[in-house]
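Written below as structure tokens is the structure these notes are about.
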């Protein structure tokens, strides 16, 4: 039995993709897109040596693009078998992938207009997703199901986003059985809206994410306090608050906290605009899956504190509406994607507002190396947007406590119940400093030395 690591390895956070190969079956876990700078995104192609026509199944941990963004490539090149995921993941992935395909097509058309002699081809287009739904099969948590000959699976709550799951594979080959666990992306235990991650009890092999493997986030209560202070200061200064946010998960999280602040009269209500068609569609999916909410969210919703019902804030869809936000006077807040600021409507808002000292920029999620968001976090005083040099006079705040990724303590908490089985541990989905720090802590706490796989490495089980 072999496991090939086709992404989120070698210090890369994005591009998650694994191939489990036995004598009788080939199954993939995730098929994510690489995100970040140009050199990183050049890796977005079919995994090396993989013929999509030979795959027996594809299992998805959750809907984010860095875990699903190469699914259309598999479909484009002949993958015909089942795609397994939770109902919410499939609903959200369809939104994410249609948006990605549209962007791929638009970007390619633009390149060909300027350089017709080069005949650029889109990575994939909307047409490549025509069979996504018909090939999809809904998975319920805790229900074991057969994936391929000798391989069965069970999904568990991962607490990262709506519908996210950790996956437990049981693989039988030549009279031997191995239990392989993929953590997927794990959420902080305190994260609102979704239920916290579940603890698994047994494994021979564990693939554990390590996005924040070298540190812990501030306590959630401290983060909310700082968030409240920033929002109130911006209100007092009558400035604009720009919040680059992933359309799925983070946007809903921020709206949820703003609604609570307004509801509790801690900050006077002011205009909040969600300038993201994809976030609006994602909000509808959240409303359709209340069974996945945590107890606090269920309770608050009964009191009317649930912004995703579209009663609290303004939502813009058209480009014209988005452009009109340039004329909007503060205090106001604008949430838009992309979450790493490397595309989308947030770039237009940053371009227009970064030179203003009254602007507050709230970075509330992970910023990949080479991204515009990472430059802002690192204190750049000048950035380039749409080919223009833009002065950064706005105040940039980083609130890691809003992260949808577990910090080191929560990662260790999730692993603690598996450690007794003395599994082989592989740390992925983290930059090298983060992986090395988490590995050191696992050695210290459990006497197990994790592997740090490289991109395209083959793991023999």
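The values are calculated or read from the model by the stated rules, or taken from the named source; none is laboratory data. These numbers were taken from a predicted model, which means no experiment stands behind them. Glycine also receives a Cβ, built like all others from the backbone with ideal geometry; neighbour counts cover every protein chain displayed.
A few comments on the model shown:
- Filter result for residue 172 (free of Cβ contacts under 8 Å to residues at least 40 places away in the same chain and over 23 Å from residue 252 (Cβ atoms)): yes
- Answer from 401, 365 - the residue that is farther than 19 Å from residue 433 by Cα, surrounded by 22 or more Cβ atoms within 10 Å (Cβ to Cβ) and touching a helix residue (DSSP H, G or I) at 6+ places or on another chain (Cβ under 8 Å): 401
- Residue among 249, 213 that is under 30 Å from residue 168 (Cβ atoms) and either touching a strand residue (DSSP E or B) at 6+ places or on another chain (Cβ under 6 Å) or modelled with pLDDT under 95 (or both): 249
- Pick from the stretch 306-330, criterion in a helix (DSSP H, G or I) and at pLDDT below 90, ranking: surrounded by the most Cβ atoms within 10 Å (Cβ to Cβ): 308
- Residue match in the stretch 140-157 (condition: in a strand (DSSP E or B) and in contact with a helix residue (DSSP H, G or I) (Cβ under 8 Å, 6 or more places away or on another chain)): no
- The stretch 162-186 - residue that is touching a helix residue (DSSP H, G or I) at 6+ places or on another chain (Cβ under 8 Å) and outside any strand (DSSP E or B) and, of those, surrounded by the fewest Cβ atoms within 10 Å (Cβ to Cβ): 162
- Odd one out for residue 104 among (1) in contact with a helix residue (DSSP H, G or I) (Cβ under 6 Å, 6 or more places away or on another chain); (2) within 20 Å of residue 38 (Cβ to Cβ); (3) buried (at least 19 other Cβ atoms within 10 Å of the Cβ): (1)
- Strands (runs of 3 or more DSSP E) fully within the stretch 368-461 that include at least 3 residues being under 22 Å from the mean Cα position of the chain (by Cα) and in contact (Cβ under 8 Å) with a residue 60 or more places away in the chain: 424-428.
- Just one of the listed residues (40, 89) is under 17 Å from the mean Cα position of the chain (by Cα) and within 21 Å of residue 284 (Cα to Cα), and it is 89.
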